[in-house]
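This report refers to the structure that appears directly beneath it.
The values are calculated or read from the model by the stated rules, or taken from the named source; none is laboratory data. Quantities reported herein were computed from a predicted structural model and do not represent experimental measurements. FYI the Cβ positions are ideal-geometry reconstructions off the backbone, even for glycines, and counts take in every protein chain you see. Heads up: the accessible areas ignore ligands, DNA and RNA and are worked out on the full protein's heavy atoms, side chains in. Shrake-Rupley method; radii C 1.70, N 1.55, O 1.52, S 1.80 Å.
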Amino acid sequence: MLTSPITTPHFHSRVLSLLSNQLELSQSGDSSTKDLPPPILPPFNSADTPLSPGETVSQLVGYCSSWIDLGSPDPLISNISRQVLTMEVAFASFCGVTNIIIPGPRQYNSSAATTDGLARYARAIQETLGVANYVHVAIHMPMYYQNDSHAVSLLGDMKPFTRAQYLSEDSDEDEELFNSWDAWNVIRSVCKYNSRLSVGKKSIKQFNTSIFSPS
């Protein structure tokens, strides 16, 4: 089976433009725009996704956007990220995709900030399972988390847009053997051990996903 992104860079740029405009309004100093609700993402157009309903689309594994941050402490970013995920999964399901991979959480340690972020991430996955009732979802995460201080941030990632008032001082991630397992256990517990939810092992040296059972 082939893996295909569900959305294109065109959709990515549209979302980042909406986010940038919202941040500018919230930081303008005008009291009338300071507490604006998060923007509603517009529907897909033909340039936003390579998928369409067809006979062969069921043979594809859809890959959701890796630039979203579902566990962000910033409510604006987490809200837009959930909208992106929901739109991608719903449209992929409509097209006939039955297997979808979602990038794993950004947080793996046991700090209070990380626990809250994992809870937000898990609730987003729970909502996703309700959007597409027959789609199988795999969470793409490493077997063993390693904090790479030299890693280059993904271009256009939403995490750097997190506003300063929502940043936590406790940002260091401790490398522990069972961090990935603990994160997966939180996710599957919140999702009530849904049989359509599994974990995909992320290879360190190459993009490789092996689907494991949720138990």
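Judged by the mean number of other Cβ atoms found within 10 Å, the most tightly packed of the peptides 62-68, 185-191 leads the ranking 62-68, 185-191. Mean silhouette area of segment 1-137, derived from the convex hull of its C-alpha atoms and averaged over all directions, reads 9.2 nm². Please work out, to two decimal places, the log10 of the ratio I(q)/I(0) at q = 0.23, 0.27 Å⁻¹ from a Debye calculation in which every Cα of segment 56-123 carries one identical scatterer. Results for segment 56-123 at q = 0.23, 0.27 Å⁻¹ read -0.94, -1.13.
With all protein chains present, how much of the accessible area of segment 1-142 (probe radius 1.4 Å) comes from carbon and sulfur, to the nearest whole percent?
Summing carbon and sulfur atoms, their accessible area is 57 percent of the total for segment 1-142.
Solvent-accessible area per residue in segment 1-100 equals 47 Å², computed with a 1.4 angstrom probe and all protein chains kept. Extension gain for GLN165 to SER4 (0.36 nm times residue separation, less C-alpha to C-alpha distance): 54.3 nm. Projecting label points 7 angstrom from Cα along Cα→Cβ for ILE40 and GLN59 puts them 3.9 nm apart.
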